[in-house]
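Structure in structure tokens, see below.
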Amino acid sequence: MDETDINILKLLRRDSRQSLSKMAESIGISKATISRRITRMEENEIISGYTVMTNVSKMGVMRALLFLNVTGASLNRIIDDMRKFKEVEFTHKLFGDHSLLCEVYVATVDDLYQLIQDHIVKIPGIQNVEVDILIDRIDMNPDAEFSSITTPSSIY
């Protein structure tokens with residue numbers, strides 16, 4: 001990866017639907033070069049997909065983070081158990097005070113309570129669940145993940 005690849009990723013992060021022509025003009029390289037580099041990053045799984053970002057608060061949905069402490073059980077088994085719940089979008093393995101972090105979406109606080117009490121705490125190996133309800137997302141630096149990349153790189 002080099003600076004051009006990082007610039008392409010930044011442009012895609014801001015608007016993955018923009019044309020190759022617009023991206024090429026912005027970076028100052030040819031449309032064919034943009035296309036080849038995107039294809040190479042997809043093949044190397046640097047780009048793993050394209051998505052739509054939604055504003056869940058405008059959709060009437062509540063987002064919460066569940067911090068799970070796991071003891072005496074395989075994290076992979078717990079993760080497989082968490083896949084059963086349609087409310088869970090992501091589960092992250094953690095190194096620190098908690099074992100797993102789950103991002104969940106529910107309609108109400110009562111639904112969140114029910115998910116935790118009726119299902120999650122009953123999974124063998126889950127010792128403790130801590131909950132944080134997200135109020136608002138404030139974008140700070142959309143390019144933060146690129147800030148620690150030094151170029152040139154031998155990723156390819």
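Once you treat every alpha carbon in the chain as an equal point and sum by Debye, what is log10 I(q)/I(0) at q = 0.12 Å⁻¹?
Listed by q, the Debye log ratios stand at -0.72.
Still on this model: Extension gain ASP15-ARG36, at 0.36 nm per residue separation less the Cα-Cα distance, in nm?
Contour length minus the Cα-Cα distance gives 5.7 nm.
Need the list of lysines near LYS93 for cross-linking: C-alpha distance under 25 angstrom, and skip anything on the same chain fewer than eight residues off.
Reachable lysines: LYS84, LYS122.
Under 24 Å between alpha carbons, and skipping anything fewer than 8 positions from LYS31 in its own chain: which lysines qualify?
By straight Cα distance, LYS31 reaches LYS10, LYS22.
Counting other beta carbons within 10 Å of each residue's own, what order do SER99, SER19 fall into, fewest first?
SER19, SER99
Starting from the amide H of SER99, placed 1.01 Å from N in the peptide plane, find each other amide H under 5 Å away whose residue is 5 or more places distant or on another chain.
Placed amide hydrogens put LEU68, ASN69, VAL70 under 5 Å from SER99.
Cβ neighbours within 10 Å, averaged per peptide: list 53-64, 28-39 in order, most packed at the top.
28-39, 53-64
Quick check: pseudo-label points 7 Å beyond the Cα along Cα→Cβ at ASN128 and GLU45, how many nm apart are they?
Rounded to a tenth, the inter-label distance reads 3.4 nm.
What does the highest-first list of 67-76, 132-141 look like by mean Cβ count within 10 Å?
Order by mean packing, descending: 67-76, 132-141.
Throughout, read-outs are computed from the coordinates displayed, never taken from laboratory work. Everything numeric in this text was worked out from a predicted model, so none of it was measured. A quick note on method: Cβ atoms are made from the backbone with ideal geometry, for glycine too, and the neighbour counts reach across all protein chains shown.
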